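See below for the structure under consideration.
The values are calculated or read from the model by the stated rules, or taken from the named source; none is laboratory data. All figures in this text were calculated on a predicted structure; none of them were measured in a lab. Because the Cβ atoms are built from the backbone with ideal geometry, glycine has one as well, and the counts that use them run over all protein chains shown. What goes into the accessible areas is simple: the full protein's heavy atoms, side chains included, and nothing from ligands, DNA or RNA. Shrake-Rupley method; radii C 1.70, N 1.55, O 1.52, S 1.80 Å.
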Amino acid sequence: MTTTSTTTGAPRRPRVLPFPVGLGMARCVVLRNATAFRRAWLLLLSGFVEPVFYLFSLGVGLGALIGTVTTDGGTVVGYAAFVAPALLAASAMNGAIFDATFNVFFKLRYQHLYDAMLATPIGPRDVAVGEITWSLLRGSLYSAMFLVVAVVAGLVESWWALLAVPAAMLIGLAFGAVAMFTTTFMRSWQDFDYVTLAIQPMFLFSATFFPLSTYPDALEWVVRATPLYHGVALERGLMVGEVGWGLLWHVGYLLVLGAVGVVGTGRRIRTLLLS
C-alpha cells in the first residue's frame, strides 16, 4: 500500500522592497507614500517650478542690472550664480516642509492613517523616521532637478557641486524633522499661518539674494541662527567652490537639528496615539 502525502508550504510573506536601506519598518511608510504619489507625480513635482521662476526672474533678469557679486568667502561671481545655490537650498526646504506639514497634518488629524499603522508592527519612531525620510527625499528631488537646470544654464562654478544633492538631503532632514515635530502640536488649518510667517522671512533674509556682509551687525547674527542660512551657505560653498573646514559647521548644525526633530517627533507621535 502506497501512502501519498501532500505538504503545503508556509504562507508567502508579502514582498517589501529594500528601499531605503537601513530604515527598518520605517521603509514601509516611505514606500506607502511613494505608492500614493505614483499616479500624482505631476503634483509631486509642482514644488520644483517656483524656485526656477525666481532663478530666471531675479537671478537672470535682475542679475543683468547688478552684474557681479562678491560672496562672503571673497569669490566674485555673477548674480545668477550667486542666487542659484540659495534657491537650490530653498527647494529642499520647501519640499520637506510642504510634505511634513500639510500632508502629515491631514494624515494625523483627519485620515487617522497613523492609528492604522500603529496596529501593525510599525511603531511611533518608525512613523516619524519614515515620514521625515519621505519629506527629505521629496526636497532632494526638487533640488536635484533644480541643479540640472543650474548646470544647463551655466550657473555652476565648481565640480564640488556634485555634493549639492547630498547637502540638500541634510537640509531636507533638518526642515522635515522640525516641521513634522511642529505639526504634531497644530490643532487646525489656521495654525499653518505661523508656518508661512516663519518660512517667508527666512527665504528672503537668509543671505538668499544678498551677501551676509550687507546686513547690519545685529541682523547678521539673527540670520546666522536660522537653519536656511546654514543650508544656503553650504550649497553656495559647494557650487561656487569655496570649500573648507568651515562647511562642517553648517553640516553639524543641520544634523543636530534633524536629530532633535526626529527624536521629538517620535515622542509626540507616541504621546498622541498611544496614551
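Structure notes:
- Taking residues in segment 177-202 that are hydrophobic (A, V, I, L, M, F, W, C), and partners anywhere that are surrounded by 14 or more Cβ atoms within 10 Å (Cβ to Cβ) and outside any helix (DSSP H, G or I), the pairs with Cβ atoms closer than 6 Å and at least 6 places apart or on different chains are Met202/Thr226.
- Within segment 40-60, restricting attention to residues that are out of contact with any helix residue (DSSP H, G or I) (no Cβ under 9 Å at 6 or more places or on another chain) and modelled with pLDDT of 75 or more, the residue that is most open to solvent (accessible area, probe 1.4 Å) is Phe53.
- Checked against the criterion of being within 18 Å of Pro85 (Cα to Cα), part of a helix (DSSP H, G or I), open to solvent by 30 Å² or more (accessible area, probe 1.4 Å) and in contact with a Leu (Cβ under 6 Å, 6 or more places away or on another chain), segment 173-181 contains one or more residues that satisfy it.
- Within segment 182-200, considering residues that are crowded, with 17+ Cβ neighbours inside 10 Å and in a helix (DSSP H, G or I), the one nearest to the chain's Cα centre (by Cα): Ile199
- Any chance Met239 is part of a helix (DSSP H, G or I) and either of a type in the set (Asp, Glu) or touching a Pro at 6+ places or on another chain (Cβ under 9 Å) (or both): yes
- Residue in segment 143-156 that is closer than 23 Å to Val30 by Cα, aliphatic (A, V, I, L, M) and at pLDDT below 95 present: yes
- In segment 203-235, the residues that are open to solvent by less than 30 Å² (accessible area, probe 1.4 Å), closer than 19 Å to Ala96 by Cβ and outside any loop (DSSP other than H, G, I, E, B): Phe203, Pro227, Leu228, Tyr229, His230, Gly231, Val232, Ala233, Leu234, Glu235
- Applying the condition of being over 25 Å from Phe181 (Cβ atoms) and not hydrophobic (A, V, I, L, M, F, W, C) to segment 72-111 and asking which residue is modelled with the highest pLDDT yields Pro85.
- Some residue of segment 64-75 being assigned to a helix (DSSP H, G or I) and open to solvent by less than 10 Å² (accessible area, probe 1.4 Å): no
- Checked against the criterion of being part of a helix (DSSP H, G or I), open to solvent by 10 Å² or more (accessible area, probe 1.4 Å) and within 23 Å of Ala34 (Cβ to Cβ), the candidates Ala100, Ala96, Ala116 yield just one match: Ala116.
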